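The values are calculated or read from the model by the stated rules, or taken from the named source; none is laboratory data. Because the structure is predicted, anything quoted here is derived from the model rather than measured. Neighbour counts are summed over all protein chains in view; Cβ atoms, including those assigned to glycine, are modelled from backbone coordinates with ideal geometry. When the accessible area is computed, the model is the full protein with side chains, heavy atoms only, and any ligands, DNA or RNA have been set aside. Shrake-Rupley method; radii C 1.70, N 1.55, O 1.52, S 1.80 Å.
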Amino acid sequence: MIINPRRGEISARLGGADRRLCLTLGALAQLEADFGVDDLQALGSRFAAGRLSAQDLITLLHAGLCGGGNSFTRQEVEQLDCEGGLPGYAQIVAKLLAVTFGDANKGQHDSA
């Protein structure tokens with residue numbers, strides 16, 4: 001699987017398989033609605049605060065997986081296991097947010 005961080009893509013091992021995640025424009029629009037914010041700046045600011053709930057992690061993982069071309073329901077995402085447990089999930093989400101809102105080269109060479 002070829003991953004292009006410049007397009008906001010990352011690779012993460014979830015549910016025993018390597019998966020592509022990407023927050024596409026459609027995924028970002030859905031996140032704006034899910035988190036009740038008016039624009040991308042407000043969405044980025046919300047995530048920059050660094051306080052994410054387990055539900056936030058699930059919402060972000062679901063959006064990233066769907067944006068990466070994976071077909072998962074939210075309930076299926078809730079059941080995906082991750083190496084490293086909670087810190088592993090948080091690392092994947094942090095990496096996804098970094099390539100979407102921050103430095104596109106961050107996470108290019110490291111893996112989750």
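The table for this structure:
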{"read-out": "Neighbourhood net charge (12 Å Cβ-Cβ; Lys/Arg +1, Asp/Glu -1) for A63", "value": "-2"}
{"read-out": "Accessible carbon and sulfur surface of the chain relative to its total accessible area, %, 1.4 Å", "value": "49 percent"}
{"read-out": "Translational diffusion of region 31-84, µm² s⁻¹ [Kirkwood Rh, Cα pairs; Stokes-Einstein; 37 °C; 0.692 mPa s]", "value": "271 µm²/s"}
{"read-out": "Accessible area per residue in Å² at 1.4 Å probe, computed on region 6-50", "value": "55 Å²"}
{"read-out": "Distribution of pairwise C-alpha distances over the chain, 5 Å bins, in %", "value": "2, 13, 25, 28, 21, 10, 2, 0"}
{"read-out": "Region 5-99: trypsin sites (Lys or Arg not before Pro) falling in loop per DSSP and having at most 16 other Cβ within 10 Å", "value": "R51"}
